[in-house]
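The structure appears below as structure tokens.
The values are calculated or read from the model by the stated rules, or taken from the named source; none is laboratory data. Quick caveat: nothing in here was measured; it's all calculated off a predicted structure. Heads up, the Cβs are rebuilt from the backbone with ideal geometry, glycines too, and the neighbour counts pull from every protein chain shown.
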Amino acid sequence: MVGHRKDNGKLVAVAAGYKGELALDTATARVLRLTAAADDLPKDSGILQSSVAVDYDFVEVAGHSYLLPARSEAHMERSYRQIANVVTFVEYRKFEADSTISFK
């Protein structure tokens, strides 16, 4: 689904196919980059183009290395507006909590 909000706040969503690529590390078969672009968008949707790309990298969290999103970039184009959203993921942390239940 691809969608946008009208000026009145109503969500307009349309079904769309996607095409993309998956880049893998040949030595480990781990994902390095994922791209997807909407394909065959209905003309009456008002959306001319929509795409996303996510880059992955190894990040140390609590003494262990994990393959996690490092950066993402999303783009949407309508007849009168172009929108880009770029996110850089930093400072991953492990969150944990302890609790005890006692019955009297």
Next item on the list: Using the structure shown, decide if THR35 is assigned to a strand (DSSP E or B) and either in contact with a Ser or Thr (Cβ under 8 Å, 6 or more places away or on another chain) or not small (Gly, Ala, Ser) (or both).
Entry: yes
Item checked: Filter pass, GLU21 being in a strand (DSSP E or B), at pLDDT 95 or above, loosely packed, with under 13 Cβ neighbours inside 10 Å and of a type outside the set (A, V, I, L, M) -> yes
Check: Out of all the residues in the stretch 34-47, which are more than 14 Å from GLY3 (Cβ to Cβ) and in contact (Cβ under 8 Å) with a residue 12 or more places away in the chain?
Finding: LEU34, THR35, ALA36, ALA37, ASP39, ASP40
Notebook entry, point to check: Could you count how many residues in the stretch 55-104 are under 30 Å from MET1 (Cα atoms), touching a residue at least 12 places away in the same chain (Cβ under 8 Å) and not aromatic (Phe, Trp, Tyr)?
Noted result: 19
Notebook entry, point to check: How about the stretch 45-104: which of its residues are part of a loop (DSSP other than H, G, I, E, B) and either at pLDDT 95 or above or among the hydrophobic types (A, V, I, L, M, F, W, C) (or both)?
Noted result: ALA62, PHE89, VAL90, PHE95, ALA97, ILE101, PHE103
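Residue by residue, here is whether (1) out of contact with any strand residue (DSSP E or B) (no Cβ under 8 Å at 6 or more places or on another chain); (2) more than 22 Å from GLY20 (Cβ to Cβ); (3) surrounded by fewer than 10 Cβ atoms within 10 Å (Cβ to Cβ); (4) among the β-branched types (Val, Ile, Thr) holds:
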position	(1), (2), (3), (4)
SER45	no, no, no, no
LEU48	no, no, no, no
VAL52	no, no, no, yes
VAL59	no, yes, no, yes
HIS64	yes, yes, yes, no
SER72	no, no, no, no
HIS75	no, no, no, no
ILE83	no, no, no, yes
